[in-house]
Every structure is written in structure tokens, then in C-alpha cells.
Amino acid sequence: MLSSTAGNVYWMGRYIERATNSARMLEATNRMWLMAGGSREWQSLAMAFGLDEKFEQKYPERSVGDFVTFMGVDSSNSSSIAASIQAARNNARSERNNLTVSVWEYLNEASIQLREKLDKPLTGANIQDFLDWTKRQMILVAGACETT
């Protein structure tokens, strides 16, 4: 296997993991925030991602909804879920001839559906819908990778 192929496949997998793990951590933070009645649970997650300063510069209000948007779909954040999915797709596209049809189709479909989701603000019920969608799509891709 060529080193460029190995690198692209490796990073594709890492970006898929990052999107899944980010969605799970954001879901847990959102639930804690809902149970606590509006305290600032997101601050520890922002620090864990190492993005607390960048987030505070872009969103001075620093609400949990802003943080979910920043970590979910903000194009200025290269660690966002949307950026991770797009980066995974770009790596997969580079190795299209080395991937199975199912891996490529699931990842490409996730990328297409993501564009539709970017039009909706991440507030209220949309937050959980987006996080559930992310987990579901990334599990499909990871499962296709595992079984093929």
C-alpha cells in the first residue's frame, strides 16, 4: 500500500471518529445544560477541545446554542462536525478507487445531506436532531469500513 493511500485512509477514519465523538460530547453537554437550567457546562468542553478563546472571540454571548453551532456547523472552526465530515469525504475522494462502493456512498451521502442541514440554525430540537443524524451517518460509514 502506498504511503499516500495509507495516510488518506487513516485520516478519513480519524475524521469520522472526530465527528462521532464530537456529536456525543455535545449531546452530553447539551443534556447537562438542560438539566442544570442554564448554567455554563459548555465551558469545560470548550477547554477540552482547546477552542475556548476562539469561541469567545467569535461568540461573545457564549451561550450553549452558540457553542453547539460553533462545534457543529461553523465553517470558521476546522474542528467542527461539519468540517470533520467534509475532511473525511475529501480524503475518501482521493482514495475512491481503493474504497468499497458502500463506504464511498455512505460518506458521500452524509456530505450531501450535511449541506442541507447547514441551512437550519442549531437551536432547540434542531440540536438533538443534528447530533442524532451525525452519529447515525458516521456509524453507517464506520460499519461499512469495518465489514468491507
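Protection proxy ranking, highest mean first, for peptides 141-147, 18-24: 18-24, 141-147, where packing is the per-residue count of other beta-carbon atoms within 10 Å, averaged. A Cβ-based charge dipole, computed about the Cα centre of the chain with Lys and Arg at +1 and Asp and Glu at -1, lands at about 160 debye.
Rolling a 1.4 Å probe over the heavy atoms of the protein chains gives the chain an accessible area of 54 Å² per residue. Computed over protein heavy atoms with a 1.4 Å probe, the carbon and sulfur contribution to the accessible area of the chain reaches 51%. Sorting Asp74, Asp66 on solvent-accessible area from highest to lowest, probe radius 1.4 Å, gives Asp66, Asp74.
For Glu27, neighbours were defined as the other residues whose beta-carbon sits under 13 Å from its Cβ, and their charges (Lys and Arg +1, Asp and Glu -1) total +1. Note on segment 42-148: dipole from Cβ charges, positive end direction compared against Gln128, Val73, Ala46; the farthest Cα belongs to Val73.
Along the axis of the charge dipole computed for segment 1-147 (Cβ charges of +1 for Lys and Arg, -1 for Asp and Glu, origin at the Cα centre), the listed residues Ser63, Tyr15, Ser3 are led at the positive end by Ser3. Between the Cα long axis of helix 125-147 and the first principal axis of the chain there is an angle of about 20°, rounded to the nearest 10.
With each label modelled as a point 7 angstrom along the Cα→C-beta vector, the Val101-Glu56 pair spans 5.3 nm. Restriction of the chymotrypsin sites (Phe, Trp or Tyr not before Pro) in segment 54-148 to DSSP coil positions whose beta-carbon has at most 15 other beta-carbons within 10 angstrom yields no sites.
The values are calculated or read from the model by the stated rules, or taken from the named source; none is laboratory data. Not measured: the values here are computed from a predicted model. Backbone-built Cβ (ideal geometry, glycine too); neighbour counts: all protein chains shown. Calculation scope for accessible area: heavy atoms of the full protein, side chains included, ligands and nucleic acids excluded. Shrake-Rupley method; radii C 1.70, N 1.55, O 1.52, S 1.80 Å.
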